[in-house]
Amino acid sequence: MSQIIFNMKRIIKKIAILGSGVMGSRIACHFAGVGIQVLLLDMAPTSLNDGEKAKNLSLDHPAVKNRIVNDALTAAIKSNPSPVYTKDAIKKITTGNFTDNMKDIGAYDWVMEVVVERLDIKQSIFTEVEKYRKPGTLVSSNTSGIPIHLMAEGRSDDFKKHFCGTHFFNPPRYLRLLEIIPTTYTDPSVIDFLLHFGDLYLGKTTVLCKDTPAFIANRIGVFGIMAIFKLLEKMDLTIDEVEALTGPIIGRPKSATFRTADVVGIDTLVKVAKGVYDSCPNDEARETFIIPAFLEKMVSNKWLGDKTGQGFFVKKKADKGEKEIYTLDLKTFEYKPRAKAKFASVEAAKAIDDLKSRLKALMQGTDKAGEFYRHFHYGLFSYISHRVPEISDEIYRVDDAMMAGFGWEIGAFESWDVLGVESTVKKMREAGYKVASWVDDMLAKGIKAFYKVENGSRLNYSPASGAYVSRAGENSEGDAFIVLKNFSNQTIWKNSACHLYHIADEVLGLEWNTKLGTVGGEVLEGIQRSIGVAEENYKGLVIANEGQNFSAGANVGMIFMLAIEQEYDELDMAIRLFQNTMMRARYSAIPVVTAPHGLALGGACELSLHSDRVVAAAESYIGLVELGVGLIPGGGGTKEFILRAADEMHEDEPENITLKNRFLTIATAKVSTSAFEAYDLGILRKGRDIVSINLDRRIAEAKEAVLELYHDGYTSPVQRKDVKVLGRSVLGALYAGINGMWRAKYATDHDVVVAKKLAYVMCGGDLTEPSSVSEQYLLDLEREAFLSLCGEKKTLERIQSVLKGGKPIRN
């Protein structure tokens, strides 16, 4: 990842972040994570703590002066999930204090303020900034609610020209929204630069916002939460019922509504809601932001959510002594064991994998859940229609903000499209909900959807022009942003699981839509067929999808079924098909580039290992996890690790070190915590595979990689017959290590069985001396070990536990 961005003659090498609280320290970590030098500053303490007194330190001692900032950074580094892609990134952060180090900001290209949400304190910080910043230096505030123009008052013309709001969401590494909020003074080139920088170098969905209360995401998101609070009271629902109704079932995060409030902080939620109520007298839904009595009581009790250890939920010891989550009963204000909520329409909808089809079904529900969904969506649609053009001139920015900031799978306007704009407006009126006049104008023109796709790009309706327009620069879906489904009218081939598209420039794109992206027979057929079609008429193939995760791996349900019925011939054929498909990807006549994101486990990792190039989203969690279910990688993953270990061995080091490291990666089922860590695990190859910081650019970058390989004169590789394996000389050492793990109780009896099978394969079998073997020899060993483990009772027990509960048992 480059440390510098050149754009409009502006270079960003270093950023100074003023304020090291939860947001400041984590924003610093994210900038460091993408390769930018960071100066992180905070106040110097005004008194000594007990430890400092015991050491007879003074307030002038450097360790004391930087205690606040250093403690904050340490807490951030230790937090889970990690705020950085790799631990080495922390080396790019230098700490200091406002007293001694504010003068140093003159050497920095961007100064970002992230102090407490008080205008007077922010203004005093900016007064200091003006003393030391160089003319032309970018200055921004990460405020979540204070009007940006108020912070610019009294500043110099050059400061105002280069100042705006840059609102990150917590945690900055994982929540992809970055709101850019200019004032009337901000130079347009500064806004263009920040929109581009945030997208390309920070991996953010950058959304241009107006300087209105709570900007876009919090304005809509907090409205949604407050509206649900009102519905809870109106419909006499419980917290557990609302959580069941407002989570993944409708494409929202698992934290749903009340858990989200606990994470954000009840006090923060109340502050934003009161801020909107006080600052927006003309908001037609202003009454929705009135704080309900139960929320006021929680604030009074200091039940503020995670920050105080209790909110709508609390962890308590149950009868058996184990900690369980209890839910607040809003009528008695006592915590009670969580109650599983059941609604007939929701239970029926769970069988529908496609979110859009599921939403339609839920809205048709005749029970209490259906009534809830209709009221919730009608209120949401009414609200967002009235916020245009108040908070944004463009509807797509509202959707982008909610998906990137609140984790919605699809935006509100897109949901409205799914349910049918015209028919839904009619039902809304019948139910007493009004829409903004521009929606009526749109329908009167015969335009019945907010979005449409043309030539692989999505256009959005513009209320200002009364017509469809393309996006305005940032996060556009042009050459840099490819959405596979936008090429549905260019479908080349499909089966019930897969779609193969022509994504222009003689490149094909393959995606599949199985549950959790699992790889079974139809997906393997899709990969084989796609490669065959590409070899006949196209330049190459991109394999990707736009689900929540790329793939959780092979279809273990199919493996379990064949194994439990002892259909070993069929199981053998299935494993051969998987191996042959991976080898087909490796030795095709055209370049095959895989673009994983999220989970890329087991078979998905094996596909990545066999691709000509990988373009992985930064947030990719890749690994060979088969040992967890009592198997070894059987789709060529073990073979590929052996091959890479053989190629990596150095003459000046013991030959077993490289192989041992590869063995441990598989034996401990290590999964990378980021795509960058996948380099360290030997899954991605430095200088060949690519990390895409912005998830939305990943598929376009994969397509570029295909074309680059093609134009460089791509030729099919030749299968290897010279893979060095070490045989007994290392096998004994690996067995000894496995037994040591067992004696130390780090491994169960069955772990030992599986690990020894893996060691046997990785050493090339019980060979008397190091030898050179073929890839096919190793694939045969791998497959035989996989098959034998499928006959083990404890392996089947592990697979069954995964199928039932999502986690393997330790047996």
Q) For Ile216, which of the numbered conditions (1) β-branched (Val, Ile, Thr); (2) in contact with a Cys (Cβ under 7 Å, 6 or more places away or on another chain); (3) open to solvent by 50 Å² or more (accessible area, probe 1.4 Å) fails to hold? A) (3)
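For every residue, the table says whether it meets (1) under 27 Å from the mean Cα position of the chain (by Cα); (2) assigned to a loop (DSSP other than H, G, I, E, B).
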{"site": "Val207", "(1), (2)": "yes, no"}
{"site": "Asp211", "(1), (2)": "no, yes"}
{"site": "Ala214", "(1), (2)": "yes, yes"}
{"site": "Phe229", "(1), (2)": "no, no"}
{"site": "Glu243", "(1), (2)": "yes, no"}
{"site": "Lys254", "(1), (2)": "yes, yes"}
{"site": "Thr268", "(1), (2)": "yes, no"}
{"site": "Tyr277", "(1), (2)": "no, no"}
Q) Only one residue in Lys331, Lys336, Lys315 is under 30 Å from the mean Cα position of the chain (by Cα), surrounded by fewer than 15 Cβ atoms within 10 Å (Cβ to Cβ) and over 24 Å from Ala449 (Cα atoms), so which one is that? A) Lys315
Q | Criterion (crowded, with 19+ Cβ neighbours inside 10 Å, farther than 19 Å from Thr594 by Cα and at pLDDT 95 or above) met by exactly one of Ile699, Ile642, Ile683 | A | Ile642
Q) Quick one: in the stretch 480-536, which of the residues that are modelled with pLDDT of 95 or more and basic (Lys, Arg) is nearest to Thr594 (Cα to Cα)? A) Arg529
Q) Going by the conditions given, is Phe676 of a type in the set (Phe, Trp, Tyr), outside any strand (DSSP E or B), at pLDDT 95 or above and open to solvent by 10 Å² or more (accessible area, probe 1.4 Å)? A) yes
Q. Which condition number in (1) closer than 26 Å to Lys234 by Cα; (2) free of Cβ contacts under 8 Å to residues at least 24 places away in the same chain; (3) crowded, with 19+ Cβ neighbours inside 10 Å is the one that Leu359 fails?
A. (2)
Q: Inspect the stretch 285-301 for any residue being polar (S, T, N, Q), in contact with a Pro (Cβ under 6 Å, 6 or more places away or on another chain) and touching a residue at least 60 places away in the same chain (Cβ under 8 Å) and give the result as yes or no.
A: no
Q. Going through the stretch 300-330 one residue at a time, which ones are aliphatic (A, V, I, L, M) and within 24 Å of Met235 (Cα to Cα)?
A. Leu328, Leu330
Q) Residues of the stretch 12-29 being within 19 Å of Val139 (Cβ to Cβ) and in a helix (DSSP H, G or I), which ones? A) Met23, Gly24, Ile27, Ala28
Q: Report yes if some residue within the stretch 611-634 is acidic (Asp, Glu), open to solvent by 10 Å² or more (accessible area, probe 1.4 Å), in a helix (DSSP H, G or I) and modelled with pLDDT of 95 or more; otherwise report no.
A: yes
Q. Taking strands (runs of 3 or more DSSP E) that fall entirely within the stretch 421-494, which contain at least 3 residues that are touching a Phe, Trp or Tyr at 6+ places or on another chain (Cβ under 6 Å)?
A. 457-462
Q.
So the check is Cβ under 9 Å with 6+ separation or different chains; which pairs have a first residue in the stretch 67-80 that's among the basic types (Lys, Arg) and a second one that's open to solvent by 50 Å² or more (accessible area, probe 1.4 Å)?
A. Arg67/Asn49
Q) Among (1) in contact with a Leu (Cβ under 7 Å, 6 or more places away or on another chain); (2) modelled with pLDDT of 95 or more; (3) open to solvent by less than 30 Å² (accessible area, probe 1.4 Å), where does Ala449 come up short? A) (1)
Q | Top-ranked residue of the stretch 41-84 - restricted to ones that are under 13 Å from Asn97 (Cα atoms) and over 37 Å from the mean Cα position of the chain (by Cα), ranked as surrounded by the most Cβ atoms within 10 Å (Cβ to Cβ) | A | Val64
Q: Sort out which residues of the stretch 521-571 are among the small types (Gly, Ala, Ser) and in a helix (DSSP H, G or I), and write them in order of number.
A: Gly521, Gly526, Ser530, Gly532, Ala534, Gly557, Ala563
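Residues are listed down the side, and each one gets a yes or a no for (1) touching a strand residue (DSSP E or B) at 6+ places or on another chain (Cβ under 9 Å); (2) closer than 30 Å to Leu631 by Cα:
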| residue | (1), (2) |
| --- | --- |
| Ile657 | no, yes |
| Asn661 | no, yes |
| Lys670 | yes, yes |
| Val706 | yes, no |
| Ser716 | no, no |
Q) Restricting the first residue to the stretch 7-27 and requiring it to be farther than 18 Å from Asp109 by Cβ, which pairs with a second residue that is at pLDDT below 95 and of a type outside the set (A, V, I, L, M) meet a Cβ separation below 6 Å and a spacing of at least six or different chains? A) Met23/Asn170; Arg26/Pro171
Q.
Quick check on the stretch 292-311: of everything there that is within 32 Å of the chain's Cα centre (by Cα) and under 29 Å from His386 (Cβ atoms), which residue is most open to solvent (accessible area, probe 1.4 Å)?
A. Val299
Q: For Gly247, work out the one condition from (1) touching a Ser or Thr at 6+ places or on another chain (Cβ under 8 Å); (2) open to solvent by 30 Å² or more (accessible area, probe 1.4 Å) it doesn't fulfil.
A: (2)
Q) Which of (1) at pLDDT 90 or above; (2) under 15 Å from Val84 (Cβ atoms); (3) surrounded by fewer than 20 Cβ atoms within 10 Å (Cβ to Cβ) does Ala28 not meet, given it meets every other one? A) (3)
Q: Scan the stretch 183-208 for residues that are without any contact (Cβ under 8 Å) to a residue 40 or more places away in the chain, touching a Gly at 6+ places or on another chain (Cβ under 9 Å) and surrounded by 22 or more Cβ atoms within 10 Å (Cβ to Cβ) and report the count.
A: 0
Q: Kindly indicate which of Gly136, Gly145 is over 22 Å from Arg26 (Cα atoms) and in a loop (DSSP other than H, G, I, E, B).
A: Gly136
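Residue-by-condition table, conditions (1) among the charged types (D, E, K, R); (2) within 32 Å of the chain's Cα centre (by Cα); (3) open to solvent by less than 20 Å² (accessible area, probe 1.4 Å):
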| position | (1), (2), (3) |
| --- | --- |
| Met403 | no, yes, no |
| Gly407 | no, yes, no |
| Ser415 | no, yes, yes |
| Ser423 | no, no, no |
| Lys434 | yes, no, no |
| Lys445 | yes, no, no |
Q) Which residue out of Lys804, Lys724, Lys745 is open to solvent by 50 Å² or more (accessible area, probe 1.4 Å) and either within 19 Å of Phe560 (Cα to Cα) or of a type in the set (S, T, N, Q) (or both)? A) Lys804
Q. Given the residues Asp236, Asp211, which is the only one that is at pLDDT 95 or above, on the phi > 0 side of the Ramachandran plot and surrounded by fewer than 20 Cβ atoms within 10 Å (Cβ to Cβ)?
A. Asp236
Q | Residues being open to solvent by less than 50 Å² (accessible area, probe 1.4 Å), over 19 Å from Gly623 (Cα atoms) and of a type in the set (S, T, N, Q) - total across the stretch 502-527 | A | 1
Q) How many of the residues making up the stretch 250-269 are open to solvent by less than 40 Å² (accessible area, probe 1.4 Å), hydrophobic (A, V, I, L, M, F, W, C) and in contact with an Asp or Glu (Cβ under 9 Å, 6 or more places away or on another chain)? A) 3
Q: Go through the stretch 551-604 residue by residue and tally those that are closer than 22 Å to Lys703 by Cβ and not basic (Lys, Arg).
A: 18
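The values are calculated or read from the model by the stated rules, or taken from the named source; none is laboratory data. Just so it is clear, the model here is predicted, and its values are computed rather than measured. We place every Cβ from the backbone using ideal geometry, glycine too, and count neighbours over all the protein chains shown. Calculation scope for accessible area: heavy atoms of the full protein, side chains included, ligands and nucleic acids excluded. Shrake-Rupley method; radii C 1.70, N 1.55, O 1.52, S 1.80 Å.
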